[in-house]
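Here is the structure we will look at.
The values are calculated or read from the model by the stated rules, or taken from the named source; none is laboratory data. This one's a predicted model, so the numbers in the text were calculated from it and none came from an experiment. Virtual Cβ from ideal backbone geometry, glycine too; neighbours counted across all protein chains shown. Quick note on the areas: whole protein, heavy atoms, side chains included, nothing else; ligands and nucleic acids left out. Shrake-Rupley method; radii C 1.70, N 1.55, O 1.52, S 1.80 Å.
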Amino acid sequence: MVLPSEPEFEQVLKEITTTLQPFLKRNPEYQRALDVVQIPERVIQFRVTWEDDKGKVQVNRGYRVQFNSAIGPYKGGLRLHPSVNLSILKFLGFEQIFKNALTGLNMGGGKGGSDFDPKGKSDNEIRKFCYAFMGELSRHIGQDTDVPAGDIGVGGREVAYLFGAYKKIRNEWSGILTGKGGDFGGSYIRPEATGYGLIYYVAKMLETQKELASFKGARVLVSGSGNVAQYAALKLIELGAIVLSLSDSTGALIARNEHEGFTTRDIEQIAEIKLKHQSLTSFNIQANANESRFVWHAGARPWTLVQNVDIALPCATQNEVSGEEATALIASGTKLVAEGSNMGCTLEAIEVFEVGRRTGKGIWYAPGKASNCGGVAVSGLEMAQNSARLKWTPEEVDNKLKNIMETAYANSYEVGKQYSSENLGEGALPSLVVGANIAGFVKVADAMRAQGDWW
Ligand code: NDP
């Protein structure tokens with residue numbers, strides 16, 4: 001059920017519906033489940049008024065989409081960005097349902113946020129906004145009902161303010177948000193989880209595809225420079241890959257020398273700059289002060305700016321790879337594309353990659369709901385630790401994350417093989433987008449049928 005004013009939701013619904021076709025052809029009764037699952041169980045919209053540093057009242061829109069609770073409490077991040085609206089949150093919440101199913105943990109799907117823009121706000125204003133936002137949200141969430149986390153514009157600082165507000169309002173210490181500080185219930189490896197998990201997923205793709213021997217020396221384009229991009233880049237550098245790009249909403253920064261990409265120290269400096277909501281241009285000025293290591297492309301995305309590429313990882317936001325950019329990536333030799341961001345690729349870009357896969361162009365695409373599920377997976381592990389009032393070591397969490405990513409990969413690969421390998425030649429790769437969508441959907445649809453949501 002799509003309203004005309006929901007382009008992002010319509011896009012994700014089209015992607016899922018199209019990729020489910022081979023399964024629905026064999027199991028037509030599941031069409032009913034698809035009709036039911038696409039309507040959120042509940043949508044909450046509210047007003048958030050808060051006081052800025054000049055003492056003036058400010059007002060924003062707040063939302064929580066509680067999409068599906070068949071396999072666990074609603075779970076999904078909060079986004080603070082001026083572009084936030086119901087279409088974007090419904091698309092994110094819908095994706096989240098199937099992503100969470102792929103982790104194998106008991107988590108339903110939800111998403112929320114506000115059109116509040118954290119850029120240019122003082123710490124005091126961010127705190128005041130978070131308290132005002134939680135003033136209403138606290139009525140609708142709970143550790144067994146709905147457990148939000150971070151997303152764009154919501155990192156450790158914002159989660160801590162939101163957690164503090166909830167605790168005061170409800171007089172209750174509970175694992176109500178994930179991504180908390182380590183001293184008050186946060187899990188080790190949660191900040192790293194989405195970026196690291198993405199690389200663990202790509203490692204499995206590398207093993208299967210065999211065109212690239214390993215990450216060592218692989219030339220990688222990463223977009224974004226926030227949480228997901230930073231930790232993906234750090235893990236890539238640790239594994240010997242060359243990170244040739246990062247970007248933000250003001251432009252793309254490309255390493256001048258294709259043998260020497262970003263260093264760990266560069267990423268640490270970028271993390272400091274991003275915490276202050278500054279542009280990558282601040283880092284560029286700093287880094288190029290002594291030697292000219294980077295080239296800045298104002299307003300650009302990285303995909304067409306480098307000639308020899310092995311792997312491309314969109315890690316900024318939705319629809320950040322167009323059909324033309326996908327074609328350019330194939331022309332520059334890219335073999336693997338995996339989304340760190342949600343719906344990083346447009347439908348046109350996915351089509352270009354999928355046609356490339358089927359026709360032996362050596363390109364293989366992984367959708368975010370599989371390749372970026374590491375973040376919510378460790379959120380699930382944080383919930384488990386909070387319920388048990390204990391804390392696992394970083395090694396324990398990292399190993400569990402690796403296992404979850406390997407299982408998510410195996411599921412999307414095996415189901416993809418079952419439903420997308422017709423008419424493919426020997427050795428051709430299955431569609432991970434078909435596999436991930438069908439595997440996630442069937443798990444949720446079966447739980448819904450068992451609970452009487454459709455029949
Ligand atoms: P952050 O806010 O930490 O970083 C977002 C990055 O994307 C920033 O570099 C930002 O630039 C850039 N960006 C945002 N909007 C745009 C735009 N319209 N055009 C170009 N660049 C843009 O967010 P995260 O790293 O947490 O999230 C990135 C993506 O990963 C999102 O799609 C999110 O939904 C997804 N994701 C995040 C998870 C997590 O655990 N954090 C889990 C799973 C998915 P600037 O700094 O200039 O604003």
*What are the residues whose amide H is under 5 Å from the amide H of residue 320, where those residues sit 5 or more places off or on another chain and H is modelled from the backbone?*
345, 346
*Considering only protein heavy atoms and a 1.4 Å probe, what is the carbon-and-sulfur percentage of the accessible area of the range 1-112?*
51
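Multiply the residue gap between residue 53 and residue 35 by 0.36 nm, knock off their C-alpha separation, and tell me the result in nm, one decimal place.
This chain segment gains 1.8 nm when fully extended.
Tell me, in nm to one decimal, what length is gained between residue 18 and residue 83 on full extension, where the rule is 0.36 nm per residue of separation less the Cα-Cα distance?
Separation in residues times 0.36 nm, less the Cα-Cα distance, equals 20.7 nm.
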*Net charge over other residues, Cβ less than 9 angstrom from the Cβ of residue 277 (K, R count +1; D, E count -1)*: +4
*asked:* Skipping prolines and chain starts, which residues have an amide H placed within reach, meaning under 5 Å, of the one on residue 79, given they are 5 or more residues away or on another chain?
replied: 112, 113, 114
_the range 249-318, accessible surface, carbon-and-sulfur percent (1.4 angstrom probe)_ = 47
*Using a Cα distance threshold of under 20 Å, what count of lysine pairs results for the range 196-313 when pairs must be 8 or more residues apart or interchain?*
4
*Within the range 217-258, whose backbone N sits under 20 Å from a point 7 Å along Cα→Cβ of residue 300?*
219-226, 242-258
*Taking the Cα-to-Cβ direction at residue 290 and at residue 122 and moving 7 Å from each Cα, how far apart do the two end points lie in nm?*
3.7
_Label point at residue 454 placed 7 Å out along Cα→Cβ; residues across the range 65-93 whose backbone nitrogen lies under 15 Å_ = 68-71
*Where in the chain are the helices, taken as whole DSSP H runs, whose Cα atoms extend 18 angstrom or more along the long axis and whose Kyte-Doolittle mean reaches at least -1.0?*
7-26, 86-102, 123-137, 156-170, 190-209, 374-388, 432-450
*Per DSSP H run of n ≥ 4, the term is -39500 (n - 2.57); total these for the chain, divide by its residue number, and report the mean residue ellipticity at 222 nm rounded to 500 deg cm²/dmol.*
-15000 deg cm²/dmol
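Can you give me the accessible area per residue for the chain, using a 1.4 Å probe, in Å²? Provide the component values of the computation, followed by the final result.
Numbers: 18170 Å² over 455 residues.
Normalised by residue count, the accessible surface of the chain is 40 Å².
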*asked:* Classify the chain from the C-alpha gyration tensor, please: rounded if a/c falls under 1.5, else prolate or oblate depending on whether a/b exceeds b/c.
replied: oblate
_GluC sites (Glu not before Pro) lying in DSSP loop within the range 215-306, provided at most 14 other Cβ fall within 10 Å_ = 258, 260, 291
*Just tell me which aspartates and glutamates come within less than 17 Å, Cα to Cα, of residue 119; anything on the same chain fewer than 8 places away is out.*
51, 52, 53, 151, 158, 248, 272
*Find the centroid of the Cα atoms in the range 233-294 and in the range 300-338, then give the distance between the two in whole Å.*
18
_Cleavage-rule hits (trypsin sites (Lys or Arg not before Pro)) in the range 288-361: DSSP loop, at most 11 neighbouring Cβ within 10 angstrom_ = none
*Could you go through the range 290-298 in sequence order and give the Karplus-derived ³J(HN,Hα) for each residue, using 6.51 cos²θ - 1.76 cosθ + 1.60 with θ = phi - 60°, rounded to whole Hz, and x for Gly and Pro?*
9, 9, 8, 8, 10, 10, 9, 10, 4
*Cβ under 11 Å from residue 156's Cβ, residue 156 left aside: what net charge do those residues give with Lys, Arg +1 and Asp, Glu -1?*
+2
_Given charges at Cβ of Lys, Arg, Asp, Glu: the chain dipole, positive-most of 215, 445, 416_ = 445
*List the residues whose amide H sits under 5 Å from the amide H of residue 332, counting only those 5 or more places along or on another chain, with H placed 1.01 Å from N in the peptide plane.*
none
